[in-house]
There are 4 protein chains.
Amino acid sequence: MVNPIVVGIIGAGRIGRLHADNLRLMPSFKLKSIAEAMVTEDLLAWAESRGLGSIFVDGEELLQDPEINAVFICTPTDSHAYWIERAARAKKHIFCEKPISLSSEQTSQALRVAEEEGVLLQVGFNRRMDPSFRRLKQLVEAGELGSPQVVKITSRDPQPPSEAYVLSSGGMFMDMTIHDFDMARYLMGEEVVEVYTRGANLVDPMFGRCGDVDTAVITLTFESGAICVIDNCRKAVYGYDQRVEVFGSLGSATADNCRATTVEVSTASSVTRDQPLHFFLERYNQAFTDEIAAFARSVSLNEPVICSGHDGQQAERLAEAARQSHLTGLPVKLSNAASGEVAAAQAL
Amino acid sequence: MVNPIVVGIIGAGRIGRLHADNLRLMPSFKLKSIAEAMVTEDLLAWAESRGLGSIFVDGEELLQDPEINAVFICTPTDSHAYWIERAARAKKHIFCEKPISLSSEQTSQALRVAEEEGVLLQVGFNRRMDPSFRRLKQLVEAGELGSPQVVKITSRDPQPPSEAYVLSSGGMFMDMTIHDFDMARYLMGEEVVEVYTRGANLVDPMFGRCGDVDTAVITLTFESGAICVIDNCRKAVYGYDQRVEVFGSLGSATADNCRATTVEVSTASSVTRDQPLHFFLERYNQAFTDEIAAFARSVSLNEPVICSGHDGQQAERLAEAARQSHLTGLPVKLSNAASGEVAAAQAL
Amino acid sequence: MVNPIVVGIIGAGRIGRLHADNLRLMPSFKLKSIAEAMVTEDLLAWAESRGLGSIFVDGEELLQDPEINAVFICTPTDSHAYWIERAARAKKHIFCEKPISLSSEQTSQALRVAEEEGVLLQVGFNRRMDPSFRRLKQLVEAGELGSPQVVKITSRDPQPPSEAYVLSSGGMFMDMTIHDFDMARYLMGEEVVEVYTRGANLVDPMFGRCGDVDTAVITLTFESGAICVIDNCRKAVYGYDQRVEVFGSLGSATADNCRATTVEVSTASSVTRDQPLHFFLERYNQAFTDEIAAFARSVSLNEPVICSGHDGQQAERLAEAARQSHLTGLPVKLSNAASGEVAAAQAL
Amino acid sequence: MVNPIVVGIIGAGRIGRLHADNLRLMPSFKLKSIAEAMVTEDLLAWAESRGLGSIFVDGEELLQDPEINAVFICTPTDSHAYWIERAARAKKHIFCEKPISLSSEQTSQALRVAEEEGVLLQVGFNRRMDPSFRRLKQLVEAGELGSPQVVKITSRDPQPPSEAYVLSSGGMFMDMTIHDFDMARYLMGEEVVEVYTRGANLVDPMFGRCGDVDTAVITLTFESGAICVIDNCRKAVYGYDQRVEVFGSLGSATADNCRATTVEVSTASSVTRDQPLHFFLERYNQAFTDEIAAFARSVSLNEPVICSGHDGQQAERLAEAARQSHLTGLPVKLSNAASGEVAAAQAL
């Protein structure tokens, strides 16, 4: 049996604790330490119930532990890039939540350091590991759908976030659509050359006051001419709506919502079945486990991660382009996808 | 029992004969005459088997029959507007296949004459009468979905048309998407203010040679800010894909494809069910009957038709705007929906 | 074009009129006359709207018309056998509603006469022509499911019949389950050797007062050892529940209920879709047309009918055996299916 | 936080190890010891990877550990009753796999001892905790389906067991259908008064040589007159088929199979979706966890278990009655359900 990967987690909020619990269940990992600047009673009780010993207040201390092989960065977004650099310098492999940063320069800098230090960096686009979406990817790769022509992604949240969250989120495109941008690139296996956004403020005027949208349809054009259309909304009263369709020259495949049971009830007034699973913790429960299992394999075998820093950066570029398109009302060309330049489309 | 509406059909190709057979089954109609410039043996045999007497070569003769109350115009598109005028002048109520014309001026002129003469004019957007789409409309009108926010329409043909057809079709937007433009307006009950088209040539280079596209995603913005996205393709190998979704503030409703049976077969290798019904004759079989039943009601009760000349014209305007957007790569504003002016969007 | 089959209908109640309307739509038939002992104003209005001329009060007059090739027998059950004999003697081909009679002797006698006179006799087990059930039959015949091992048939009515109907119906097994007995034989292509019934009175005590059941589970054992289980109920509040499953050594196939639309509505409180189509007129609409189209083919080509007098008789025997099993609480062996003897099982 | 329940497992075969892994994940349990008579290298490796210390060869040693509160009995069926007695005498709460024994006397004796000693005894009918079946139970209990009238249970295995397994299994009714007998009682909340079995040998002659069946339809009549029909087969080529339907006076509810993904693939040749989850480990994965969580609650709060020794015994009685019915070809009355007498039906 190989030695488990010794892990430290920086940031013990909701997502940090989720990863902690998943890490504890997997024999390929040994969760050793947690670092969290805000030590609350709740955190201490949680750590004790998991048998975790001391908690560092400063992530630097955690990084100095030579036994730790890998670090999970689960802090607020604005310090992701900083901790990537620090962890890379300490020669730790890195699993970082998305996005890497809200700034193209910071992201580039973080990626550069990780590359220099030769550590693995996986970005937490967990949906790549959802069993249904992974099946879509396999169908595309196996050529069973022929050349992909149209990809359709629906992503709607069950309830809108708070105003405070909206203000610090980087906007809907960077916070929410970014998952769909990654899904589009993942399924297509090629780069986007143009983005057109049609955003709206239909759910709550609060989003407008924050300079954000709550509803949007985003059209992506790929190098091959294939087209992806994403529709987002911050509020779907019936629950978390997560569907993907890939239409290709040899066929089409759809991934529908997941539901808690298969029960259908027929009465004198209606025929009903379950609503979609509530939110991302329930719907992507399996994906959260599988993404860190994939990380374990990559670290153990020194293989490429399933979602790289470059993937994270490309999704951020698309989010930024979508925002520009929304602001200008015009399609935005990604003139040189490799260099990451974003240019407003020239009128003909 | 009321007297049946006496009908003449001008144009006895596939769609003319379809309407003839449906008219014969309905007690509210009496099909009296057919006019068709191209009299073939096949046509004569068909007419005989239906017990139809003489066939006029010139529609004018049919229009001179004072017993005829209503005329179905089923000629090629380029003479629709002409026959609308002629029939209106002869004081016949009119059912005309879509589109009215490929020219905004011609359509306006035809509508003006019909209005002057006070005859009813129904345009053949049959999908409004599809039981599933009609249910969506009822849900919207009853407010069960709240304010509509996003409408999604998928329309893919099972096989591409011939080059000859493509060249005379007016292009995919005018020939195929026009149904979806009408569906979008029908479901939303309001007008479009902006159109953005992302077209592609992915099915067959023939479309490109004809100056047309075979694949497209079209985004419509409505007055209220609601967004509609249409995805079209001239070829779906698995059959005629016709789905609609309306997402609103209080819920969402989807209309799925129709299949010939409900059978599901599970074997050692797969779990399969039927493909969608082959093409529009099968899928919209009920709608073709129901649209003329609705026309009968409108004529009998002198009530508004379910799809007016104005509706036909608005769909044509959207098709033209979609074509312009495709050509320029820019969103196109419908600056004054009522007057029908189409203006290219100004860059900010 | 072949000459149409000239038809007379004896019995112009609900089912007679249904067949009349379907016959009128089909070029292979010419409906000439109707005979109905009870001439009401409603009947006269109906006949006039269909352009039917004189109505005979006595079926004998109709049978004397030499132009008539075929007769549809749609009278109450107790005169079916009589009219089969009369029509056969008049050398008319016969389409007869089910059951042929409530008496084994009468049925045998009617079949004997039809055979002597060499006329075709089709029994109206319309469900054989339902598109989904026909698909099941094709799958079985093509061997795609291997050897059938278990057949499951669910048949529940949306609402119970009146007491008057129950008293004259011959009981649930003869009136309702008889369709399922025929379906079981049709799908299996072999004969039943034993019947066990578990009946109950759970819907309305009226059924019990009439000496009938309203709920039952019936187990049929076939010659091959394969088993069929039928579950019936006179009242399903959610509508007409008609499902069939064939499970075989190489796979399983299910036919689900039919619904008016494909619409699914998701709201904050539920996810709903349509209830099953209301009752047999809606659900078996297509089957009613297709069974007479099949009859037309059989008459025109002088080929075996899709559901013979023998098939009708076998279903009646199963109904009688099911009733005996219910009365005795014991399985009933059909000791010699060919001779139609029914014997109570001997205790071991 | 309450102290965890300290657990020992007697029997470390497949099901014992499954429970072990689930126990380790749950904070309410502390798995301390394993007893297994057959200590293999494979077992030692498994135990080491789970950090389990010494393994007892004799369960008695495990029972002498005063720290242990509860014992999981996962040995072969023929020693279940023995270990229940031993564990009860040692004042341990007991979770025992089904069936308790193949002998009515042994089961009664085991239950008596558990009752005398005042320990909790839960029988491992895990399907009660399946999320979909539990939903059915909730619907029944909440009265949303009215009075249950017909329950239908389909249970088919993906592949037949070995001859050795069949010979020691107690027969299909005791080994496989027993789960469905428990499900029927669980959903109905009342007792069965009559059992009729129609068994067959259609999958493999081996079953017949072993004196067993491989296919069966079993009809249960409940005290209220409601009817349950179970259909079983030892081999379904398309996978593990586990469906339940409850039909009542106010509605019907169905629980369908579970599948690994929601993906549907449409190509030129077919429309396919996933087969059912492979077998019980996958399908009832959640139920295996939830049943021991329920056991933890019962032990902690000293509340009734979700599936008692009495429930286990009643299912065994039904299995025995089903076997007698199969052997005699006659329905078997459970003349006094409370006393467990089984009597052959008297011919009328």
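The values are calculated or read from the model by the stated rules, or taken from the named source; none is laboratory data. Remember, it's a predicted structure, so these values are computed and weren't measured experimentally. All Cβ positions, even for glycine, are placed from backbone atoms using ideal geometry, and neighbour counts span all protein chains on display.
For the range A:225-235, name all the residues that are out of contact with any helix residue (DSSP H, G or I) (no Cβ under 6 Å at 6 or more places or on another chain), away from chain C (no Cβ under 14 Å), over 17 Å from A:K333 (Cα atoms) and assigned to a strand (DSSP E or B).
A:D231 - this is the single residue of the range A:225-235 that is out of contact with any helix residue (DSSP H, G or I) (no Cβ under 6 Å at 6 or more places or on another chain), away from chain C (no Cβ under 14 Å), over 17 Å from A:K333 (Cα atoms) and assigned to a strand (DSSP E or B).
Among the numbered conditions (1) closer than 18 Å to D:C307 by Cα; (2) assigned to a helix (DSSP H, G or I), tell me where D:E116 comes up short.
Failing condition for D:E116: (1).
Give me a count of the residues in the range D:176-211 that are charged (D, E, K, R) and touching a Phe, Trp or Tyr at 6+ places or on another chain (Cβ under 8 Å). Spell out the reasoning first.
Of the range D:176-211, the ones charged (D, E, K, R) are D:180, D:182, D:185, D:190-191, D:194, D:198, D:204, D:209.
From the residues that got through so far, the ones that are touching a Phe, Trp or Tyr at 6+ places or on another chain (Cβ under 8 Å) too are D:182, D:190-191, D:198.
Within the range D:176-211, residues that are charged (D, E, K, R) and touching a Phe, Trp or Tyr at 6+ places or on another chain (Cβ under 8 Å) number 4.
Residue by residue through the range A:116-132, note down the ones that are within 11 Å of another protein chain (Cβ to nearest Cβ) and crowded, with 24+ Cβ neighbours inside 10 Å. Talk me through it step by step, then tell me what you get.
The initial filter retains those residues of the range A:116-132 that are within 11 Å of another protein chain (Cβ to nearest Cβ), namely A:130-132.
Result: A:D130, A:S132.
If D:V2 passes every condition in (1) more than 22 Å from D:E60 (Cβ to Cβ); (2) aliphatic (A, V, I, L, M); (3) at pLDDT 95 or above but one, which one does it miss?
So the condition that D:V2 fails would be (3).
Does any residue of the range C:136-145 turn out to be within 14 Å of chain B (Cβ to nearest Cβ), outside any helix (DSSP H, G or I) and in contact with a strand residue (DSSP E or B) (Cβ under 8 Å, 6 or more places away or on another chain)?
Yes, some residue in the range C:136-145 is within 14 Å of chain B (Cβ to nearest Cβ), outside any helix (DSSP H, G or I) and in contact with a strand residue (DSSP E or B) (Cβ under 8 Å, 6 or more places away or on another chain).
Please work out which residue is surrounded by the fewest Cβ atoms within 10 Å (Cβ to Cβ), limiting yourself to the range C:171-202 and to residues that are within 13 Å of chain D (Cβ to nearest Cβ) and within 13 Å of C:Q324 (Cβ to Cβ).
Checked the range C:171-202; the qualifying residue surrounded by the fewest Cβ atoms within 10 Å (Cβ to Cβ) is C:E194.
For the range D:223-239, enumerate the residues that are among the basic types (K, R) and buried (at least 23 other Cβ atoms within 10 Å of the Cβ). Break it down into steps so the answer makes sense when it comes.
Applying the first criterion (among the basic types (K, R)) to the range D:223-239 yields D:234-235.
The answer is D:R234, and nothing else.
Give, as residue ranges, the helices (runs of 4 or more DSSP H) completely inside the range D:22-92 that count at least 3 residues that are of a type in the set (A, V, I, L, M) and at pLDDT 95 or above. Before you say what the answer is, go through the steps one by one.
Values: elements: D:41-49, D:59-63, D:80-89.
By residue number, D:80-89.
Please pick out the residue among A:I9, A:I15 that is assigned to a strand (DSSP E or B), within 22 Å of the chain's Cα centre (by Cα) and among the hydrophobic types (A, V, I, L, M, F, W, C). Walk me through how you get there before you give the answer.
Details: A:I15 fails: assigned to a strand (DSSP E or B).
Exactly one of A:I9, A:I15 is assigned to a strand (DSSP E or B), within 22 Å of the chain's Cα centre (by Cα) and among the hydrophobic types (A, V, I, L, M, F, W, C), namely A:I9.
Can B:E144 be described as within 18 Å of the chain's Cα centre (by Cα), surrounded by fewer than 22 Cβ atoms within 10 Å (Cβ to Cβ) and either not assigned by TED's automatic domain parsing to the domain that holds B:S252 or not aromatic (F, W, Y) (or both)? First the steps, then the outcome.
Details: within 18 Å of the chain's Cα centre (by Cα): no; surrounded by fewer than 22 Cβ atoms within 10 Å (Cβ to Cβ): yes; either not assigned by TED's automatic domain parsing to the domain that holds B:S252 or not aromatic (F, W, Y) (or both): yes.
No, not satisfied.
Out of the residues in the range A:148-170 that are of a type in the set (S, T, Y) and touching a strand residue (DSSP E or B) at 6+ places or on another chain (Cβ under 7 Å), which is surrounded by the most Cβ atoms within 10 Å (Cβ to Cβ)?
Residues of the range A:148-170 of a type in the set (S, T, Y): A:154-155, A:162, A:165, A:168-169.
Okay, now just the ones that are also touching a strand residue (DSSP E or B) at 6+ places or on another chain (Cβ under 7 Å), so A:154-155.
Working: A:T154: 22, A:S155: 20.
That would be A:T154.
Quick check: anything in the range B:13-32 more than 14 Å from every other protein chain (Cβ to nearest Cβ) and crowded, with 22+ Cβ neighbours inside 10 Å?
Yes, that holds for at least one residue.
For the range B:33-54, which residues satisfy the criterion of being among the hydroxyl-bearing types (S, T, Y) and away from every other protein chain (no Cβ under 14 Å)? So that I can check it myself, show each step before the final result.
From the range B:33-54, those among the hydroxyl-bearing types (S, T, Y) are B:33, B:40, B:49, B:54; that's our starting set.
Hits for the range B:33-54 are B:S33, B:T40, B:S54.
Can you pull out every residue in the range D:147-164 that is under 17 Å from the mean Cα position of the chain (by Cα) and among the hydroxyl-bearing types (S, T, Y)?
D:T154, D:S155
Condition first: free of Cβ contacts under 8 Å to residues at least 12 places away in the same chain and either more than 18 Å from the chain's Cα centre (by Cα) or crowded, with 22+ Cβ neighbours inside 10 Å (or both). Can you find one or more residues in the range A:215-222 that meet it?
Going residue by residue through the range A:215-222, those that are free of Cβ contacts under 8 Å to residues at least 12 places away in the same chain are none.
No, the range A:215-222 contains no residue that is free of Cβ contacts under 8 Å to residues at least 12 places away in the same chain and either more than 18 Å from the chain's Cα centre (by Cα) or crowded, with 22+ Cβ neighbours inside 10 Å (or both).
Of all the residues that make up the range A:168-199, how many are in contact with a helix residue (DSSP H, G or I) (Cβ under 6 Å, 6 or more places away or on another chain) and modelled with pLDDT under 95?
The total comes to 1.
Being in the same structural domain as A:M38 (by TED's automatic domain parsing) and over 21 Å from the mean Cα position of the chain (by Cα) narrows it down to one of A:I68, A:I84, so name that one.
Numbers: A:I84 fails: over 21 Å from the mean Cα position of the chain (by Cα).
Sole residue among the options that is in the same structural domain as A:M38 (by TED's automatic domain parsing) and over 21 Å from the mean Cα position of the chain (by Cα): A:I68.
Scanning the range D:240-277 for residues that are of a type in the set (D, E), facing chain A (nearest Cβ under 10 Å) and closer than 30 Å to D:N201 by Cβ, which turns out surrounded by the fewest Cβ atoms within 10 Å (Cβ to Cβ)? First the steps, then the outcome.
We begin by selecting, within the range D:240-277, every residue of a type in the set (D, E); these are D:241, D:245, D:256, D:264, D:274.
Pick out the ones that are also facing chain A (nearest Cβ under 10 Å) and you get D:245, D:256, D:264, D:274.
Add one more test, that the residue is closer than 30 Å to D:N201 by Cβ, and what stays is D:245, D:256.
Numbers: D:E245: 21, D:D256: 17.
Among those that are of a type in the set (D, E), facing chain A (nearest Cβ under 10 Å) and closer than 30 Å to D:N201 by Cβ, it is D:D256.
So which strands (runs of 3 or more DSSP E) stay within the range D:236-336 end to end and still have 1 or more residues that are touching a residue at least 12 places away in the same chain (Cβ under 8 Å)? Give the derivation first.
On the way: elements: D:241-248, D:251-255, D:263-267, D:271-273, D:332-336.
Filter on the range D:236-336 gives D:241-248, D:251-255, D:271-273, D:332-336.
Does D:F72 satisfy the criteria of being in contact (Cβ under 8 Å) with a residue 12 or more places away in the chain, closer than 30 Å to D:D256 by Cβ, among the hydrophobic types (A, V, I, L, M, F, W, C) and away from chain A (no Cβ under 14 Å)?
Values: in contact (Cβ under 8 Å) with a residue 12 or more places away in the chain: yes; closer than 30 Å to D:D256 by Cβ: no; among the hydrophobic types (A, V, I, L, M, F, W, C): yes; away from chain A (no Cβ under 14 Å): yes.
Spelling it out, it is not the case that D:F72 is in contact (Cβ under 8 Å) with a residue 12 or more places away in the chain, closer than 30 Å to D:D256 by Cβ, among the hydrophobic types (A, V, I, L, M, F, W, C) and away from chain A (no Cβ under 14 Å).
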